[in-house]
Structure formats: structure tokens, C-alpha cells
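Engineer: One structure is given below, represented as C-alpha cells, and several questions about it will come after.
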Amino acid sequence: MNTNMEKVIIPREEHSISRSLLSPNGVKVLYKLREHGFIAYLVGGGVRDLLLGREPKDFDVVTDATPNQLKKLFRNCRLIGRRFRLAHIHFHDEIIEVATFRSTVDAAEAAQEELAEALPEEPVEAPAEAEQLEEDRDRRRRRHHHGPPILKSEDGMVLRDNVFGTPEEDAVRRDFTVNALFYNIADFSIIDHVGGMEDLKNGLIRTIGDPMVRFTEDPVRMIRAIRFASMLGFNIEPRTEAAIEALCGTINKATPPRLYEEVLKLLLMGAGERTYQMMRHSGLFEPLFPHFDAWLSRESDCYPHVRVGKALEWVDDQLAQGIPVSPSLLIALMFGEYLEEKVAQFRDEGLPPQQATDAAVAAFAGELAPTVSVPNRVLVAVRDILNMQHRFQKTPGRNGRGVVARLSFRDALQYLRFMEQLTPPKRSLGDWWERFSAQQSEGGESAPPPKGEAAAAEGAKKKRRRKRRRKKPGAAPE
């Protein structure tokens with residue numbers, strides 16, 4: 001990978017980042033590292049979002065201090081990670097992630113350099129002064145490489161990466177140009193090694209280096225490219241986009257639990273509908289959800305399946321209003337129509353509603369397991385959300401208080417409200433259960449059931465309870 005890229009320094013008066021916008025805890029970490037003689041920069045999404053006028057979700061720091069040095073320097077430090085060691089600096093209300101500069105040297109090259117340095121030097125002619133300075137610089141750079149070497153699989157996927165390097169090398173090792181900008185607390189400047197400022201102005205997501213190589217090293221970078229483009233409203237640079245389309249089938253080389261976490265990030269960031277469309281367009285959606293994608297490609301009664309897009313738009317609206325959406329509700333909404341068809345198939349085979357729903361969710365879990373591993377607790381909640389849609393039809397029915405007390409009640413009610421939004425009813429069951437829930441929490445009386453069900457409820461109240469027969473005193477036990 002070419003590291004000889006021109007460095008650009010943007011002084012404080014030419015960019016919009018003010019120290020007052022930074023996390024106070026992040027500033028403490030940066031200054032403490034500088035006070036102890038280390039290089040330290042703010043890096044990544046925090047710098048990118050501040051330059052775009054967005055509120056950063058986190059503030060990451062990069063430094064030349066090794067993980068062990070960070071552990072000694074910060075008492076509130078915890079080291080994490082196997083593939084690449086990171087330090088988490090814990091504060092009362094925030095965690096600042098600190099990474100050591102990574103190197104561009106791979107394991108084979110590092111071994112060759114160490115072997116060459118161990119061999120006795122042969123006498124050669126004295127090099128020119130410029131060449132001597134370059135050799136000295138390279139020798140100093142090599143001495144910065146320490147820690148276990150990079151470990152790659154046979155097809156080039158990075159499994160471990162603990163070779164440390166210089167700031168220039170670290171910038172080049174990052175995934176996208178807009179994520180490789182450094183904020184220097186020493187003079188409040190922005191340091192750009194990879195042309196990130198230009199891509200930020202042009203609204204482009206571009207890989208650093210050859211995208212075919214970078215996506216082979218870590219296939220999840222393809223998902224990250226989609227996520228950043230959707231979240232920021234950017235376009236994906238043509239060469240990067242072509243690489244995603246060519247390598248989309250390799251996404252399943254990442255572990256299913258990791259892909260589940262990445263899918264959650266994709267769809268719960270407030271631009272889920274646009275992300276969904278980009279995923280299908282790029283070819284990434286099919287290898288993640290092969291059975292569901294095949295179903296989406298088939299029309300139902302001559303109509304395309306549009307409910308998925310509407311569900312994700314509804315999720316985006318909820319998040320924009322500050323209303324949280326749980327992973328189980330997201331999955332129930334996104335795959336709801338697909339699961340309802342499965343339930344109908346099991347009903348046709350003679351299963352009752354609840355057992356049909358249980359069987360449908362179990363079959364769905366089996367389809368997802370090889371690609372996107374959804375935790376069992378989430379699937380159980382999805383099953384409850386779907387089962388409660390049948391229960392909501394009875395107001396209040398038997399044990400209405402028990403329905404409200406269930407853990408999935410709020411998510412199930414949100415699912416009901418989305419369904420009512422698709423086909424507005426004459427009388428909203430969602431409103432009735434909302435009132436009933438509020439009255440139960442206040443200890444008040446039940447809400448009156450909708451018309452038509454009042455008589456049935458009254459009749460049920462008038463039924464006489466059977467009296468229990470009392471045993472005669474002194475009767476012998478049977």
C-alpha cells in the first residue's frame with residue numbers, strides 16, 4: 001500500500017471545529033497523552049461529523065502510546081480486542097476509545113525487515129546525503145513496529161492486526177477517506193493524509209487504497225460504506241461501488257453475530273429505508289437474507305412487496321421523533337409480512353394460531369442462522385409481538401391486566417399502530433389498549449370495550465361461579 005501521499009494541514013482559521021465542541025473527557029485524554037510526551041489526535045467519525053455540523057456519537061483518539069503504556073498511564077483504562085488491541089478509558093458518563101497507530105507493514109514484510117537487520121551489513125559505497133536521510137527515516141519507522149504481526153487468512157482477510165506504526169501509516173490503513181482526518185489538539189489544525197477533506201466537500205465515500213483489496217481484508221467494510229453513504233446522504237465513489245458489486249457475495253465470510261450487529265447499526269440510524277434500497281441495489285442484501293430476498297423478488301397477487309419499505313420509513317419517523325425502536329420490533333416490522341405468510345401456511349396445515357406463529361418464527365430463525373445470527377431472546381420477543389396481535393382483538397378479554405404486564409406489550413402495541421396506519425380502522429384498537437394500559441398503571445377502572453363487545457363482556461360478568469363443595473368434618477382422606 002502506498003504511504004507516500006501528500007500531507008495537508010488545515011489551520012484553525014480554515015475549518016469549523018472548535019475545542020468547545022469536543023467532549024471534555026476526550027480533551028482530558030488528549031492533553032494527558034501530550035503531557036507525557038506522546039502524539040495524540042482526535043480521529044474518525046467525531047472529526048467527520050464536527051466538520052459536517054453534525055453531533056458526534058463518540059470521540060475516538062489515536063496515539064503512538066502502546067496499549068500497555070495506556071494501561072499504566074490511565075487508572076480507568078480497560079484493554080479490549082483480540083484482532084487489534086484497543087484501550088477504553090472509562091469516565092462516569094462516557095468511554096473514550098484510544099487506539100495505537102497501525103502500520104502498513106504486513107507480517108511477511110515485517111519478518112523480512114527483522115531478518116535483514118539481524119544479518120551483518122556488507123560494505124557498500126557511501127550513499128548520498130538525501131538517500132542516507134531517507135534510510136534513517138525508514139529505520140526509525142521500522143523500529144516503531146512492535147506487537148504480534150498481522151495475521152491473514154489464505155484469501156487475504158485480516159484476522160489479527162497488532163503491528164503499530166506512524167500517523168501517516170495509520171491514516172492510510174483506515175477504511176474511508178472521510179474517516180481518516182486527524183484533529184491536532186496541539187495547534188487545533190486538521191491533518192489530512194488521504195484527501196478526505198476534498199471527498200467531504202464533494203459528498204463521496206471512497207476507500208483508501210484499492211477497494212478490492214480493502215474489502216477482501218474485511219468484508220464488513222462494504223456494509224460500512226453503505227451505512228456512511230446513507231447516514232450522511234453521500235454517494236459512493238464509482239470504483240468503490242463497483243468493488244462492492246463484485247465482492248458482495250463474500251460478505252458471509254464475516255461471522256453471523258458480527259453481521260447481526262452491523263445490520264442493526266444499518267437500520268437503526270434513522271435512514272433505514274434508504275439503506276435498504278442501497279443494499280438491494282448493491283447486491284449485499286441477497287447474501288445476508290437469501291430466503292427473504294427471493295420472496296421479495298416474487299410478487300404477491302400481482303403486487304410487489306412494498307410493506308418492507310413502509311415499515312422502515314415508519315421506523316425512521318419514530319427515531320426522528322426520539323422514540324426508541326428495539327431490535328425485536330425492527331425485525332418484526334421488517335419481516336412481518338413474510339412471517340405472516342409463513343403463519344398462514346402453518347394454519348393451512350391445521351395448526352392453531354399460536355402454534356403456527358411459533359413454527360413460523362422457528363423456521364425463520366433457521367433460515368437466518370447461517371448468515372445473520374439473531375439472538376434467541378430477540379426472536380422470542382418477535383414471536384410474542386406477532387402472537388399478541390391476535391390477543392389485541394379481545395378487549396379486554398380474559399386477564400387483560402396480564403396482557404399489559406407482558407414485556408413485549410409496548411413493542412406489540414407499536415406494531416399494531418403501524419398496521420393501523422396502513423389500513424386505518426373505524427375504531428382504533430391501539431387507542432383502546434393505550435387507554436387501558438394507562439388506567440392500569442394508575443390503578444383506575446378498565447376502559448370501556450368497543451361497541452359490540454360490551455354485551456358479551458356484560459354477559460360474562462353475570463355468569464354464576466360454581467361453589468366449591470366443602471368436605472365433611474373428620475372425613476378420611478381418599
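Engineer: With θ set to phi - 60° and the Karplus curve 6.51 cos²θ - 1.76 cosθ + 1.60, what are the ³J(HN,Hα) couplings of region 263-274 in order, to the nearest whole Hz, using x for Gly and Pro?
Structural biologist: 5, 4, 4, 4, 9, 10, 9, x, 9, x, 5, 5
Engineer: Strictly over 32 Å apart at the Cα level, which of Lys57/Lys342; Lys71/Lys201; Lys7/Lys253; Lys342/Lys394; Lys310/Lys394; Lys57/Lys253 would you flag in this model?
Structural biologist: Those over the limit are Lys57/Lys342; Lys71/Lys201; Lys7/Lys253.
Engineer: Right, next: For region 353-406, just the Cα atoms, rotate onto the principal axes and tell me the three extents in Å, largest first.
Structural biologist: For region 353-406, the Cα extents along the three principal axes come out at 41, 20, 11 Å.
Engineer: What list of ³J(HN,Hα) couplings, whole Hz, do you get for region 222-239 from phi and the Karplus terms 6.51, -1.76, 1.60, once you set θ to phi - 60° and write x for glycine and proline?
Structural biologist: Karplus values, whole Hz, x for Gly and Pro: 5, 5, 5, 4, 5, 5, 5, 4, 5, 5, 8, x, 8, 9, 8, 4, x, 5.
Engineer: Could you list which residues have their amide H under 5 Å from that of Ile236, counting only those 5 or more apart in sequence or on another chain, with H placed in the peptide plane?
Structural biologist: Close amide H contacts, sequence-distant or interchain: Ile205.
Engineer: Here's a follow-up. Only loop residues by DSSP count here, and only those with at most 11 other Cβ atoms within 10 Å; note down the trypsin sites (Lys or Arg not before Pro) in region 262-337 that meet that.
Structural biologist: Passing sites in region 262-337 are Arg298.
Engineer: Okay, next question. What's the ranking of 86-95, 204-213, 186-195, 346-355 by average number of surrounding C-beta atoms within 10 Å, highest first?
Structural biologist: Descending packing order for the listed peptides: 204-213, 186-195, 86-95, 346-355.
Engineer: Convert 4 °C to kelvin, take the viscosity as 1.567 mPa s, use the Kirkwood radius over C-alpha pairs of region 329-369 as Rh, and evaluate the Stokes-Einstein diffusion coefficient in µm²/s, rounded to a whole number.
Structural biologist: Translational diffusion coefficient: 127 µm²/s.
Engineer: Follow-up question, since we're still on this one. What full-extension length gain, to one decimal in nm, is calculated for Glu349 and Glu35 as 0.36 nm per residue of separation minus the Cα-Cα distance?
Structural biologist: Between Glu349 and Glu35, full extension yields 105.8 nm more.
Engineer: OK, next. Give me the net charge for the shell around Arg417: Cβ to Cβ below 10 angstrom, other residues only, Lys and Arg +1, Asp and Glu -1.
Structural biologist: -3
Engineer: To continue, here is another question. Report the calculated FRET efficiency for His281 and Arg410 (r = Cβ-Cβ distance, R0 = 30 Å), to the nearest 0.05.
Structural biologist: So the FRET efficiency works out to roughly 0.30.
Engineer: Let me ask something else. What is the Cα convex hull volume of region 232-364 when expressed per residue in Å³?
Structural biologist: Each residue corresponds to 132 Å³ of Cα convex hull volume.
Engineer: Ok, one more. Tell me the carbon and sulfur percent of the accessible area for region 223-289, rounded to whole percent, probe radius 1.4 Å.
Structural biologist: Accessible surface attributable to carbon and sulfur in region 223-289 totals 52 percent.
Engineer: Here is a further query. So, counting K/R as plus one and D/E as minus one, what does the shell of residues with Cβ under 9 Å around Glu262 add up to?
Structural biologist: Value of the local net charge: +3.
Engineer: Using 0.36 nm per residue of separation minus the Cα-Cα distance, give me the extension gain between Glu94 and Asp431 in nm, one decimal.
Structural biologist: 117.5 nm
Engineer: Test of understanding: express the Cα radius of gyration of region 201-249 as a ratio to 2.2 N^0.38 Å, with N the residue count.
Structural biologist: That ratio works out to 1.03.
Engineer: Within the set of other residues whose C-beta is less than 14 Å from the C-beta of Gln321, count the net charge using Lys and Arg as +1 and Asp and Glu as -1.
Structural biologist: In short, -2.
The values are calculated or read from the model by the stated rules, or taken from the named source; none is laboratory data. In this text the structure is predicted, and so the values were computed from the model without any measurement. Please note: Cβ atoms are built from the backbone with ideal geometry, for glycine as well, and neighbour counts cover all protein chains shown. The accessibility values were calculated without ligands, DNA or RNA, using every heavy atom of the protein model including side chains. Shrake-Rupley method; radii C 1.70, N 1.55, O 1.52, S 1.80 Å.
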